[in-house]
1. Among the residues that make up the range 130-144, is at least one of them under 19 Å from residue 21 (Cβ atoms), at pLDDT below 85 and out of contact with any strand residue (DSSP E or B) (no Cβ under 7 Å at 6 or more places or on another chain)?
2. If you check every pair at least six apart or on different chains, which have Cβ atoms under 7 Å apart with a residue in the range 114-143 that is open to solvent by 70 Å² or more (accessible area, probe 1.4 Å) first and a residue that is modelled with pLDDT under 80 second?
3. Given the criterion open to solvent by 20 Å² or more (accessible area, probe 1.4 Å) and among the small types (Gly, Ala, Ser), identify the matching residue among 34, 62, 44.
4. Among the residues that make up the range 3-22, is at least one of them surrounded by 13 or more Cβ atoms within 10 Å (Cβ to Cβ), among the polar types (S, T, N, Q), part of a loop (DSSP other than H, G, I, E, B) and at pLDDT below 95?
5. Of everything in the range 33-63, what is at pLDDT 95 or above and of a type in the set (Lys, Arg)? Give them in sequence order.
6. Please name all residue pairs, on different chains or six or more residues apart, with Cβ atoms under 6 Å, provided the first residue is in the range 73-88 and is on the phi > 0 side of the Ramachandran plot and the second residue is crowded, with 16+ Cβ neighbours inside 10 Å and part of a loop (DSSP other than H, G, I, E, B).
Amino acid sequence: MAPGIKITGRFLEILQVEDNDGDARLLKQALKKAGFPNRLNSVASGEAAWDYLTQKHPYQAALRPDVILLDLKLPGKDGLTVLNEIRQSEAFKNIPVIVLTSSESDLDQNWASRLNANHYLAKPYDYEGFAELIKLLREQWMKTFRKRRP
């Protein structure tokens with residue numbers, strides 16, 4: 001790093017859309033050891049994800065996420081519908097979306113790609129399996145840095 005340049009960062013705001021409590025807890029544990037500051041906010045349905053993004057009750061104080069981790073198999077509104085709504089919205093279309101799902105269906109992968117998901121990852125089943133996701137999130141966090149002179 002060049003002398004006189006100071007790098008400051010902030011928490012990476014993560015919105016997790018996941019209906020499985022066990023999977024949500026596993027991600028929370030992995031992020032505690034990720035090595036970068038992050039704030040994980042979780043919702044359990046597609047409807048709740050949209051309410052969170054649009055700051056509807058009970059999410060009026062929700063911060064805009066830097067990245068969304070989206071399961072596809074959700075109760076009610078599914079993940080592909082949520083992804084489509086995000087990409088159609090001027091306010092949210094540039095938020096990176098990582099599809100994190102147990103679905104290995106070619107059809108799901110193709111639709112996620114057509115809807116411009118940034119990444120499509122198979123859901124890890126243990127802590128070690130989160131390495132690729134943590135790497136992607138760390139890269140996203142690095143983008144939140146800004147350089148400033150003292």
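The values are calculated or read from the model by the stated rules, or taken from the named source; none is laboratory data. These numbers were taken from a predicted model, which means no experiment stands behind them. Quick reminder, even Gly has a Cβ in these numbers, built from the backbone with ideal geometry, and neighbours come from all protein chains shown. These accessible areas exclude ligands, DNA and RNA; they are computed on the full protein's heavy atoms, side chains included. Shrake-Rupley method; radii C 1.70, N 1.55, O 1.52, S 1.80 Å.
1. yes
2. Partner pairs satisfying both residue conditions: none exist.
3. Matching residue, one of 34, 62, 44: 44.
4. yes
5. Answer for the range 33-63, where residues must be at pLDDT 95 or above and of a type in the set (Lys, Arg): just 56.
6. Here the result reads 76/45, each pair linking the range 73-88 to a residue that is crowded, with 16+ Cβ neighbours inside 10 Å and part of a loop (DSSP other than H, G, I, E, B).
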